[in-house]
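One structure is given here, and the rest of the page talks about it.
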Amino acid sequence: MNFANSPSFANQGLSPGARLILCVLASLALLVGDSHFGLMDRARDAISVLLYPVQRAVNLPLSAGRHIGDFFVTQAELKAENDRLRSLELAQSGRLMRLQTLERELTQLKALNQLKAGRSDGGQLAEVLYTARDPFSYKIIIDKGLDAGVKAGLPVIDEQGLIGQITRVQPLTSEITLIINKNQMVPVVNLRTGQRTLLYGYGGGVEVRYLSSGSDIRPGDQLVTSGIDGLYQDGIPVARVTHVDRPAGAAFARVLCQSVAGVQSSRYVLVLPARSAVPPAPAPEAEPAVKKKKTTDEDAG
């Protein structure tokens, strides 16, 4: 009998039924031990650590595809949101500018109404429609004319001071020549010293001319209408001295000023009524009767 070819018990091992029973018993033991004593917690943690790279490698293609899709979706959403916010910002900016303009105009109207109410002679509120065709003529057009009783020569002010004079009147509109026009002249007085002088426009600004170099005038002095011309009422703010130049050997000082009124920015103005009639100049005195008689006798001779 050849024993070399016959399997031994050790080499044959347990039967399949025994193996099944052994595995079932081991599983039950592990389940009971894990549920009551937590025997598998450490083993489970160790296995999860070992399997984590495998899980990441398996999920990597799906995760990469999801991130790429989210990136493009997010970029498109951000671009659309950015465009929407930009459009909203532009709309809000335009609305804010309109509100600021309306607020400024309302403030000016309130100031002019208070100024009109505080004056015993009243005045005529008017709105600036547009500037003259020639921008260097420094003239503006208002919405009041002959129908509102406006006349040529009337002074025009805003809430800060004098801006000009009515120079042409039409049925529905009037033309104002600003004080910065090169042909405009305003008699003014220095509030600090009481010295009277003349303020001239030079095309875009105002200056004092023909003032002697030794005159007491300095930057910061306030100039108001003197009222001696019979046109402008006295005390209307006109300009503020900004620079005084006294060239050596020159007879007159160069005095530059800044108009206090919004000559080129006011939307509403107040047309002042004409001043009360200026008394006429006194008639020349009559010559003595003796002189008249002597002249008569000479003519007769």
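In table form, for the structure just shown:
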item: Net lengthening on full extension, L31/N59 (0.36 nm per residue, minus Cα-Cα); result: 7.1 nm
item: Gain upon complete extension [S48, R66; 0.36 nm per residue less C-alpha separation]; result: 4.1 nm
item: Listed residues A117, Q165, V128: farthest to the positive end of the dipole of the stretch 44-200 (Cβ charges); result: Q165
item: Nearest-0.05 FRET efficiency for M97 and A76, computed from C-beta distance (R0 30 Å); result: 0.40
item: Inter-label distance, nm, simple model (7 Å from Cα along the C-beta direction), D83/L172; result: 4.5
item: Spatial separation of Cα centroids for the stretch 204-271 and the stretch 58-131, in angstrom; result: 40
item: Extension reserve of the Y130-K151 stretch, reckoned as 0.36 nm per residue once the Cα distance is removed; result: 5.6 nm
item: Signed unit charges on C-beta, dipole axis of the stretch 46-160, positive-most listed residue Q55, L106, L88; result: Q55
item: Size of electric dipole in the stretch 101-247: Cβ of Lys, Arg +1 and of Asp, Glu -1, about Cα centre, debye, nearest 20; result: 260
item: Cβ-Cβ FRET estimate between K116 and Y210, R0 fixed at 30 Å, reported to 0.05; result: 0.30
item: Test item: Cα-centred dipole of the stretch 95-186, Lys/Arg +1 and Asp/Glu -1 on Cβ, debye; result: 100
item: Lys/Arg +1, Asp/Glu -1 at C-beta; the stretch 194-264 dipole; positive extreme among Q195, G235, A253; result: A253
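Since every read-out is calculated from the coordinates, none of them should be taken as a lab result. None of the values given here were measured: they were computed from a predicted structure. With ideal geometry, Cβ positions are generated from the backbone for all residues, glycine too; neighbour counts draw on all protein chains shown.
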